[in-house]
Each structure stands twice: as C-alpha cells, then as structure tokens.
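Following: one structure in structure tokens, then a few remarks.
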Amino acid sequence: MTIREAVDALERFAPLSLQEDYDNAGLQVGLTDAEASGALLCLDVTPAVVDEAVRRGCNLIVSHHPLIFRGLKQVCDQNMVARCVAEAVRKGLCIYSAHTNLDNAAGGVNYEIAQRLGAAVEDWLLPLPGGQGGSGVVAVLPKAEEPLAFLRRVKEVFGIPHLAANAGPQHPVQRIGICGGAGDFLTDDAVKKHCDCFLTGEMHYHQYFGYEDKLWIGVMGHYESEHFTVQLLHRLLQEACPGLPLHDTAVVTNPIQWL
C-alpha cells in the first residue's frame, strides 16, 4: 500500500472541502508514491513525535493539528515547525494532517466526543452549506443528568485535571452542544439549538458572561477535548487500510501543565 492510498482513505471520510477557510489540512511534508511502512498517529507533530516515527519504522505521520499552519519561509532550525519539516525530509517521512475537515465530518471528532459520553448526535450546531458537514454537533444523552454530576463525569471520561465551568441554570442537562478544540464561537448556536450544556476545549474569559440563565458551559482544555482523535484515526485507517501497521503515539504533546 502506498502512502497516497492511505491519504485517499482519510480524504474519503473527511474531504478537504470540509475544512474551514483558515485551515491548512492535508499533506504537509513529503512524497506520497512510496510504500507505507507504517503510520504513527498523533494530535500534534513535535520533534519527539518525528523521532518516534523513525524509531517505530513508520514513514507516515498522521496528525490532527497541522504542522504547517502559518507561512513557513525557511526550512532550517529556527523553530520547532521548521526543524520538524527538515528532519522529516531528511528521514524520508510524509506528514499528513486531518484537522477541521475531520472536525466537520459526520463521524468525526465531535461525534467521537459524543460517543464517549454515551450521547447520540442529532444535528449540527452550525451546518455547512449543502448539509454535508458542520461545525460542532448537538448530541442527546439517554437520560437527563444533574449538571455538576454530568460535568464531573466529563472530567473523568476525558482525564481532565481542571474543567472550567460557569454557573448555569438549575435544571438537568440532556441536550449537549459539543465542539472540540477552540469552539467558543459556537456558544450562541448552542443556545439557539436549545442545548442544556455546551462543551468545548477553549473559551475566552469574557465569553462566559451572560449565559447563567441559558446553558451550562464546560471548557475541557484543547488537548483534553481532542486527544481521543488518535483512536478515531486508528479506527478509520484500520478499517480502510487493513495490513497497514498503525501506532498510536506514546508522546504526550500537550504543552500545558497544571501545577
């Protein structure tokens, strides 16, 4: 199996046409005509992840977050991104990223969050034109839960050391708005969709205000909200590319530590 065949399988599930216009999903580094010796799956590409791919005999790295997001004017040792690119080229690695196209795909990142909470996806928070995908999802729990008990369960399921929350309305939660990563732009859409709670990875301080009587807000942390994406990528490639050796990274790439 060539690297191109593995990439094609990912893009059949999450077409690049679904990505947001600011994004840079897709092939980041390398040539895709080589035989795939193995794929290392990760959230972020760091020098330690590149080293891990070489050590495990993988010539393909599949990440969620793009390595090259903003313009790259030099390939040298000036910063982490440039060093990763230079080392990947030197070692003959391909790097591919499935980012907002995987967020916005049916069965993608936000479906994964809902599934792990035992909730069934019912709708998009913000559908894309044509109805082929959307930003964020509305998911329904099988039964209503007490708000703080639900948020504590979110902490446990996703291994969150500290979950930030507002003081929401005093009624049970069952209808949940979900957007992994930086999803605070969808808070008002969660209100419009009559959600009882909105879960996301990041939210600015001032955006917590004004929702006390509308819905609960649970901010999970960017990494914490998306780290199960590695298992999602694993399942996708395992089903579409049987025989391709797959490895989930052992590197914790979260740059944030809680003291």
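The values are calculated or read from the model by the stated rules, or taken from the named source; none is laboratory data. Please read all numbers here as calculations on a predicted model, not as lab measurements. Counting neighbours? That spans all protein chains shown, and the Cβs are built from the backbone with ideal geometry, glycine included. Just the protein is used for accessible areas: all its heavy atoms, side chains included, with ligands, DNA and RNA removed. Shrake-Rupley method; radii C 1.70, N 1.55, O 1.52, S 1.80 Å.
For region 179-259, which chymotrypsin sites (Phe, Trp or Tyr not before Pro) are both in a DSSP coil and crowded by at most 11 other Cβ atoms within 10 Å?
PHE209, TRP258
Could you pull out the pairs from LYS91/LYS155; LYS73/LYS192; LYS155/LYS193; LYS155/LYS214 whose alpha carbons sit more than 32 Å apart here?
Flagged as over cut-off: LYS91/LYS155; LYS73/LYS192.
So what's the convex hull volume per residue for the Cα atoms of region 6-122, in Å³?
With only Cα atoms used, region 6-122 gives 118 Å³ per residue.
Normalising by the residue count of the chain, find the relative contact order in percent from Cα pairs under 8 Å and 6+ residues apart.
20
Mean 1/r over all different Cα pairs, inverted: what Kirkwood radius does region 45-189 give, in Å?
Computed over Cα pairs of region 45-189, the Kirkwood hydrodynamic radius comes out at 17.8 Å.
Whats the longest run of the chain with zero trypsin sites (Lys or Arg not before Pro) that are DSSP loop and have at most 15 other Cβ atoms within 10 Å?
Longest stretch, sites excluded: 74-259.
Please list 3J(HN,Hα) in residue order for region 191-197, calculated via the Karplus relation 6.51 cos²θ - 1.76 cosθ + 1.60 where θ = phi - 60°; whole Hz, with x for glycine and proline.
Taking θ as phi minus 60°, the curve returns 5, 4, 8, 6, 7, 7, 8 Hz for region 191-197.
By how many nm would the segment from MET1 to TYR22 grow when fully extended, if each residue of separation counts as 0.36 nm and the alpha-carbon distance is taken off?
Taking 0.36 nm per residue and subtracting the Cα distance, the gain is 4.4 nm.
I'd like the per residue volume of the convex hull spanned by the Cα atoms of the chain, given in cubic angstrom.
For the chain, the hull spanned by Cα atoms encloses 134 Å³ per residue.
Which whole-number value in Å² is the accessible area per residue of the chain, probe 1.4 Å?
47
Determine which residues of region 17-56 fall in the zone a paramagnetic label at ASN254 would reach in this model, i.e. backbone nitrogen under 18 Å from the point 7 Å along Cα→Cβ.
Residues passing the 18 Å test: 42-46, 49.
Rounded, prolate or oblate, given the Cα gyration tensor of region 3-54, with a/c below 1.5 counting as rounded?
Oblate, because a/c is 1.5 or more while a/b does not exceed b/c.
Roll a 1.4 Å probe over the protein heavy atoms and report the accessible area of HIS222 in Å², nearest 10.
My reading of the accessible area for HIS222 is about 50 Å².
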